[in-house]
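To start, the structure itself, in structure tokens.
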Amino acid sequence: MPRAFRNLMVTGGAGFIGVNFIRWLCDRPDFTGHVINVDLLTYAGNPLSLLGVAERFGPRYHFIKADICDALRIAEIIATYEIDAIVHFAAESHVDRSIAAPDAFVRTNILGTYTLLQAAREHADQIQLFHHISTDEVFGSLGKRGAFTEKTPYAPNSPYSASKAASDHLVRAFHETYGLPTTLSNCSNNYGPFQFPEKLIPLMILNAREGKPLPVYGDGLNVRDWLFVADHCSAIWRVMQEAKPGSTYNVGGRNELPNLRVVEKICDLVDQKAPPLADGKPRRSLITFVKDRPGHDRRYAINCAKIERDLGWRPAETWETGFERTVDWYLKNAEWCDQVRSGEYQKWIATHYG
């Protein structure tokens with residue numbers, strides 16, 4: 001029988017994937033439990049992305065501003081809300097930021113994960129599951145062939161991926177050493193609604209709409225596997241409900257594309273859906289190649305055969321349908337985009353949460 005959770009703690013639930021997971025979950029008629037969203041509301045945490053969720057969930061939804069590194073606060077939340085499952089999204093996640101300031105990544109991604117695991121261990125009598133969200137970047141870079149499997153050795157190349165690799169090892173260790181019921185998923189590059197505009201796809205959509213340069217690192221041929229965020233949410237839930245404790249699953253979109261092809265596709269879609277540029281040129285003319293960033297992995301590709309075989313999960317979106325849905329969302333939600341890029345959402349946070 002699938003696991004049923006009464007009180008689900010979602011860390012980082014105001015971030016991109018966390019927001020989408022909560023929204024996806026509250027649309028499911030088979031989920032009747034409570035969601036306790038714990039987020040510190042750093043720069044990438046935007047509670048405006050959750051407007052309407054409280055009204056739809058009613059008293060079944062609670063938001064708590066808290067730091068996952070605060071052991072006493074986390075223990076208090078687990079006890080007060082009788083948490084029986086934790087799904088851990090909270091993380092610093094931007095590679096460029098990790099190169100410039102790695103200390104925040106070590107603190108949040110490593111110490112924060114440890115703090116949550118320790119709190120779950122101390123409440124072992126009530127915790128059914130601790131699910132940890134990770135990334136394919138922990139595996140390093142691939143050559144032209146092959147794909148990452150659950151048995152691929154870790155070889156992180158950036159401070160971000162190194163911090164996520166460390167957190168993965170902690171999750172595994174707490175299961176093996178203490179018997180904590182954990183599951184772990186390593187996903188490929190997510191995209192979709194509510195993604196912070198510093199990331200490749202929303203940045204390119206918004207710049208293309210406005211006729212701004214579209215900066216592409218190096219030669220643009222770095223390859224990623226693109227996963228629509230709603231497909232990722234469905235995979236997470238399938239793992240949480242059905243996977244054996246201690247198991248790990250790779251989650252990919254089976255959409256392996258070079259960055260340049262992604263940007264070109266976005267240009268073509270924006271040309272179709274938005275007013276033309278003032279000079280009448282196609283938006284591909286805005287593409288500008290810039291110096292490659294340090295430690296830029298050449299290729300990632302996820303082999304997700306295990307989750308397909310064991311749990312029957314498959315992505316619903318192709319890259320064509322997923323990209324079109326994403327471009328449509330950003331073009332139709334200019335107010336949300338403007339609030340994020342202007343920093344207005346941070347003023348709202350300061351007013352409501354101090």
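Of all residues in segment 284-307, which are more than 20 Å from the chain's Cα centre (by Cα) and either aromatic (Phe, Trp, Tyr) or part of a helix (DSSP H, G or I) (or both)? Write out each step before concluding.
To start, the set of residues in segment 284-307 that are more than 20 Å from the chain's Cα centre (by Cα) comprises 284-295, 298, 305-306.
Correct list: Arg284, Ser285, Leu286, Phe289, Ala305, Lys306.
So which residues in segment 310-339 are hydrophobic (A, V, I, L, M, F, W, C), under 19 Å from Arg209 (Cα atoms) and more than 20 Å from the chain's Cα centre (by Cα), if there are any at all?
At the first step, the residues of segment 310-339 found to be hydrophobic (A, V, I, L, M, F, W, C) are 311, 313, 316, 319, 323, 327, 329, 331, 334, 336-337.
Right, trim to under 19 Å from Arg209 (Cα atoms) and you get 323, 327, 329, 331, 334, 336-337.
Correct list: Leu331, Ala334.
For a quick check of your reading: which helices (runs of 4 or more DSSP H) sit entirely within segment 1-94 and have at least 2 residues that are under 23 Å from Asp168 (Cα atoms) and touching a Leu at 6+ places or on another chain (Cβ under 6 Å)?
On the way: elements: 16-26, 53-57, 71-80.
The helices (runs of 4 or more DSSP H) meeting that bar number zero.
Residue by residue through segment 133-156, note down the ones that are out of contact with any helix residue (DSSP H, G or I) (no Cβ under 8 Å at 6 or more places or on another chain), farther than 17 Å from Trp226 by Cα and either modelled with pLDDT of 95 or more or surrounded by 14 or more Cβ atoms within 10 Å (Cβ to Cβ) (or both).
Hit for segment 133-156 is Lys151, nothing else.
Restricting the first residue to segment 49-71 and requiring it to be modelled with pLDDT under 95, which pairs with a second residue that is among the hydroxyl-bearing types (Ser, Thr, Tyr) meet a Cβ separation below 7 Å and a spacing of at least six or different chains?
Val53/Tyr61; Ala54/Tyr61
For residues that are at pLDDT 95 or above and of a type in the set (A, V, I, L, M), scanning just segment 180-202, find the one that is farthest from Gly45 (Cα to Cα).
Result: Leu180.
Might you check whether a residue that is among the aromatic types (Phe, Trp, Tyr), surrounded by 17 or more Cβ atoms within 10 Å (Cβ to Cβ) and over 17 Å from Gly12 (Cα atoms) occurs anywhere in segment 103-123? Full working, then the answer.
Going residue by residue through segment 103-123, those that are among the aromatic types (Phe, Trp, Tyr) are 105, 114.
If we keep only those that are surrounded by 17 or more Cβ atoms within 10 Å (Cβ to Cβ) as well, we get 105, 114.
After this cut, where a residue has to be over 17 Å from Gly12 (Cα atoms) as well, the list is none.
No, there is no match, as no residue in segment 103-123 is among the aromatic types (Phe, Trp, Tyr), surrounded by 17 or more Cβ atoms within 10 Å (Cβ to Cβ) and over 17 Å from Gly12 (Cα atoms).
All but one of (1) crowded, with 22+ Cβ neighbours inside 10 Å; (2) in contact (Cβ under 8 Å) with a residue 40 or more places away in the chain; (3) in contact with a Cys (Cβ under 9 Å, 6 or more places away or on another chain) hold for Val35; which doesn't?
(2)
Taking interchain pairs and intrachain pairs at least six residues apart, which have beta carbon atoms under 8 angstrom, with the first residue in segment 186-204 and crowded, with 22+ Cβ neighbours inside 10 Å and the second among the basic types (Lys, Arg)?
Partner pairs satisfying both residue conditions: Ser188/Arg224; Asn189/Arg224; Tyr191/Lys199; Gly192/Arg325.
The values are calculated or read from the model by the stated rules, or taken from the named source; none is laboratory data. Everything numeric here is computed off the predicted structure, so don't read it as measured data. We place every Cβ from the backbone using ideal geometry, glycine too, and count neighbours over all the protein chains shown.
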